[in-house]
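Report on one structure; see the data block that follows.
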Amino acid sequence: MNKNSRIFFSLISLLLFSAQLFSQDWPQFRGPGRDSKATGTVPSAWPAELTQQWKITVGKGDASPALIGKNIFTFTRQGDEEVVMCLDAASGKEVWKYAYAAPAVSGPPSSHPGPRSSPAVADGKIVTFGVSGIISCLDAVSGKLLWKKEESVPVPQFYTGMSPLIVDGMCILQVGGQNNGQVVAYDLKKGNEKWKYSGEGPAYASPSVMTVAKTKQLVAVTEKSLISLNLADGKLLWQVAAPPLQRFYNCVSPYIDGQIIYFSGQGSGTKALQVVREGDKFVTKELWSTAEVGAKWNTPVLKNGFLYGFTDQRRAYCLNASNGQTGWIDSNVTSDFATIVDCGSAIIGLPSTGSLIVLKPDPKAYTEIAKYKVSETPVYTFPIVAGNLIYVKDAESLTLYRIK
């Protein structure tokens, strides 16, 4: 397809799908607000089966796609290269492709050779973070490389696992390896370093931003702690010990609601912290802690005062967010890896088993509306929900389903 044909096709696709896509972007890990909430409205009725619109091979990896307007972006591994692809969201046809040579993943992590880090798209740019620490910033329209960084410090034992955050004209990443990590803020336009914080090694989780007393704070999980940095200069504001128990690792990203942070770990339960300002310092106050519900990989969603998620015991759960009391824990076993999305009238969970579960947000009981088999291979990514469209990235393919 020549350039003029691609432009014409994109314009037609834009007219057909703009009403569905533009208001329902998913530009980064855990969605627009970094809180796993889809911004569009899903249909009120769910069919017996979803309709597959198209399915294409995009490469290996566990990075969730990013949806912006008429385009969807993937970050995968193809052979010896890590590949960023921009696809037409309506048809799956390639708009542009950028690739670079990437070191092989060796040892026990080799069963997941592709990127785990989801791309971030903002201000007309897309930023990716490869398994070996290669940072790339591309023009989102053309795929042109704008700047690139190859961090020389070691990577974590299971390679990079955090997803970049774009905020206030900066791209923020956690780099480094065990006992030697940095949180680095790069200028999004030029790639020069704005500030750096050095400390513990990174976890397999991703940071978010909260504002307390008019101060923007970056809240991040390290290999042993939950920390807050001043977004303006990277200075440490507070730190809470969060050591992984037994031989586990910190893999759950913090969930932020105003001044409250909910965080969890495998075998360590779930806690709620409130961040307040006292004089010229910020301090944390534990609101509640429960050992009954913990998570291995899954960050919950907050819906109408209740937390919904999947436990490290492979079961869906509901907690009262005000006191930590258990609403229910489902008896069905799913997977210790799962993602979950608040879609308004429904909550959608996608365990690695490849069965997409549609739940009613019900604090009294597990209420399943529908269940669909969306992949025959393991899924470690978020489903991208845009109205009556659902994109699913599995081990090597990206599939578009339509809710009829």
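Kindly indicate whether A220 is modelled with pLDDT under 95 and under 18 Å from G181 (Cβ atoms). Outline the logic, then answer.
Details: modelled with pLDDT under 95: no; under 18 Å from G181 (Cβ atoms): yes.
For A220, the condition - modelled with pLDDT under 95 and under 18 Å from G181 (Cβ atoms) - is not met.
Looking at S253, is it part of a loop (DSSP other than H, G, I, E, B) and under 28 Å from V127 (Cα atoms)?
Yes; evaluated as a whole, the condition is true for this residue.
If you go through the range 231-246 one residue at a time, how many are crowded, with 18+ Cβ neighbours inside 10 Å and among the small types (G, A, S)?
Total meeting the criteria: 2.
Looking only at the range 11-65, how many residues end up being at pLDDT 85 or above, assigned to a loop (DSSP other than H, G, I, E, B) and under 19 Å from the mean Cα position of the chain (by Cα)?
Going through the range 11-65 one residue at a time, the tally reaches 20.
Within the range 342-367, take every residue that is over 21 Å from the mean Cα position of the chain (by Cα) and charged (D, E, K, R) and give me the one that is nearest to G327 (Cα to Cα).
The qualifying residue nearest to G327 (Cα to Cα) is K364.
With S136, S118, S132 as the choices, which residue is modelled with pLDDT under 95 and closer than 15 Å to F75 by Cα?
Only one candidate qualifies: S132.
Which one of V379, V333 is touching a Gly at 6+ places or on another chain (Cβ under 7 Å), of a type in the set (V, I, T) and either assigned to a loop (DSSP other than H, G, I, E, B) or free of Cβ contacts under 8 Å to residues at least 12 places away in the same chain (or both)?
After ruling out the rest, the residue left standing is V379.
So, in the range 268-282, of the ones that are loosely packed, with under 14 Cβ neighbours inside 10 Å and in contact with a Phe, Trp or Tyr (Cβ under 9 Å, 6 or more places away or on another chain), which residue ends up farthest from F248 (Cα to Cα)?
Looking at residues that are loosely packed, with under 14 Cβ neighbours inside 10 Å and in contact with a Phe, Trp or Tyr (Cβ under 9 Å, 6 or more places away or on another chain), I get K281.
When you check G161 against the structure, is it within 27 Å of M85 (Cβ to Cβ) and either among the hydroxyl-bearing types (S, T, Y) or at pLDDT below 95 (or both), yes or no?
For G161, the condition - within 27 Å of M85 (Cβ to Cβ) and either among the hydroxyl-bearing types (S, T, Y) or at pLDDT below 95 (or both) - is met.
Go through the residues of the range 277-287 one by one and say whether even a single one is small (G, A, S), over 29 Å from Q157 (Cβ atoms) and part of a loop (DSSP other than H, G, I, E, B). Can you show your working first?
First, pick out the residues of the range 277-287 that are small (G, A, S): 279.
Applying the additional criterion that residues be over 29 Å from Q157 (Cβ atoms) yields 279.
In the following step, the residues that additionally are part of a loop (DSSP other than H, G, I, E, B) were identified as 279.
Yes.
Can you name the residue in the range 368-385 that is surrounded by 14 or more Cβ atoms within 10 Å (Cβ to Cβ) and among the hydroxyl-bearing types (S, T, Y) and, of all such residues, is farthest from the chain's Cα centre (by Cα)?
Applying the filter and picking the extreme gives Y372.
Filter the range 70-120 down to the residues that are free of Cβ contacts under 8 Å to residues at least 24 places away in the same chain, under 28 Å from P207 (Cβ atoms) and of a type in the set (A, V, I, L, M, F, W, C) and list them by number.
A99
Let me spell it out: the conditions are (1) crowded, with 20+ Cβ neighbours inside 10 Å; (2) modelled with pLDDT of 95 or more; (3) farther than 26 Å from P119 by Cα, and G294 meets all of them except one. Which number is the exception?
It is condition (2) that G294 fails.
If you check every pair at least six apart or on different chains, which have Cβ atoms under 7 Å apart with a residue in the range 224-243 that is under 13 Å from A203 (Cβ atoms) first and a residue that is in a loop (DSSP other than H, G, I, E, B) and of a type in the set (D, E) second?
K224/E200; S225/E200
In the range 316-337, what residues are modelled with pLDDT of 95 or more and either surrounded by 20 or more Cβ atoms within 10 Å (Cβ to Cβ) or more than 20 Å from P254 (Cα to Cα) (or both)? I'd like the intermediate steps shown before the answer.
Within the range 316-337, the first condition is being modelled with pLDDT of 95 or more, and the residues that meet it are 316-330.
Correct list: A316, Y317, C318, L319, A321, G324, G327, W328, I329, D330.
Looking at A203, is it in contact with a strand residue (DSSP E or B) (Cβ under 7 Å, 6 or more places away or on another chain), free of Cβ contacts under 8 Å to residues at least 40 places away in the same chain and closer than 27 Å to T381 by Cβ?
Spelling it out, it is not the case that A203 is in contact with a strand residue (DSSP E or B) (Cβ under 7 Å, 6 or more places away or on another chain), free of Cβ contacts under 8 Å to residues at least 40 places away in the same chain and closer than 27 Å to T381 by Cβ.
Between S375, S355, S345, which is modelled with pLDDT under 95, over 19 Å from S264 (Cβ atoms) and small (G, A, S)?
Result of the check over S375, S355, S345: S345.
The values are calculated or read from the model by the stated rules, or taken from the named source; none is laboratory data. Given the structure is predicted, the values throughout are model-derived calculations rather than measurements. Here Cβ is always computed from backbone atoms with ideal geometry, including for glycine, and neighbour counts include all displayed protein chains.
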